[in-house]
1. How far apart, in nanometres, would the label points at Tyr112 and Ser30 be if each is projected 7 angstrom from Cα along the Cα-to-Cβ direction?
2. Which net charge results when you count Lys and Arg as +1 and Asp and Glu as -1 among the other residues whose beta-carbon is under 13 Å from that of Leu159?
3. Under a 5 Å amide H to amide H cut-off, with H placed in plane at 1.01 Å, what residues pair with Ala87 once short-range neighbours are removed?
4. Per residue and in Å³, how big is the convex hull formed by the alpha-carbon atoms of region 86-157?
5. Please say if region 1-64 is rounded, prolate or oblate, where rounded means a/c under 1.5 for a ≥ b ≥ c the square roots of the C-alpha gyration tensor eigenvalues, and otherwise the choice is prolate for a/b larger than b/c and oblate otherwise?
6. Given a 1.4 angstrom probe, I'd like the percentage of the accessible area of the chain that is carbon and sulfur, rounded to a whole number.
7. Expressed in nm to one decimal, what extension gain is obtained for the pair Tyr129 and Met44 from 0.36 nm per residue of sequence separation less their Cα-Cα distance?
8. Each residue of region 115-132 in turn: what ³J(HN,Hα) in whole Hz from Karplus with 6.51, -1.76, 1.60 and θ = phi - 60°, glycine and Pro shown as x?
Amino acid sequence: MPSTLADYLKMAAASALGFWILTALLAYLSPVEPLHALTALGLMFSAQATLYKIKLASDPSYEIRGCGCGKGRADETAAVLRSRESATLGIPNSVLAILLYAGLIASLAGGYHDSTVALAGLAVAASAYFGYVMVFRLGSLCATCVNIAALNILILLQLA
């Protein structure tokens, strides 16, 4: 088992727990529903990854501050975002994620539960695939991407 898999699982579990606690507190203290908060966070982290991708493309020496989540070694967001696997058909995966979260928000606002569940399921499947790519192909982890994966699982669980 690659050490990055253990790091990935630890990071994802810690992120999921942190986001769950954050949204539970937010729901307790305000009228914000956890599902809406999780979706907004997913949109925010996707925008952050897109910003990183743009900065890395325009300035190859740009450094992304690591969170230290994977004991520093596996947290290589820049390496992941520079890889060819960070885009699908020439479109950055983070941009596709922004579109997915916009679709989730629209679907939630419109009350289309089945569409929302389908989009959330697609997000979880994509995160699982990209997690596989990070762990087994690249041997590097993107903390932002792991946070998005944790959010996707929590969103799907909220809809279940």
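1. Output for this residue pair reads 2.7 nm.
2. Details: positive: none; negative: Glu33, Asp114.
Its environment carries a net charge of -2.
3. Distant-sequence amide H within range of Ala87: Asn93.
4. On the way: hull volume 5.9 nm³, N = 72.
Spread over its residues, the Cα hull of region 86-157 gives 82 Å³ apiece.
5. On the way: a/c = 3.63, a/b = 1.40, b/c = 2.60.
It comes out oblate by the Cα gyration axes.
6. Details: 5890 of 8670 Å².
Carbon and sulfur together cover 68 percent of it.
7. Working: separation 85, 0.36 × 85 = 30.60 nm, distance 2.08 nm.
Result: 28.5 nm gained on full extension.
8. 5, 5, 5, 5, 5, 5, x, 4, 4, 5, 4, 5, 5, 5, 5, 5, x, 4
The values are calculated or read from the model by the stated rules, or taken from the named source; none is laboratory data. Computed from a predicted model, the values in this text were never measured in an experiment. Counting neighbours? That spans all protein chains shown, and the Cβs are built from the backbone with ideal geometry, glycine included. Only protein heavy atoms, including side chains, enter the accessible area calculation; ligands, DNA and RNA are left aside. Shrake-Rupley method; radii C 1.70, N 1.55, O 1.52, S 1.80 Å.
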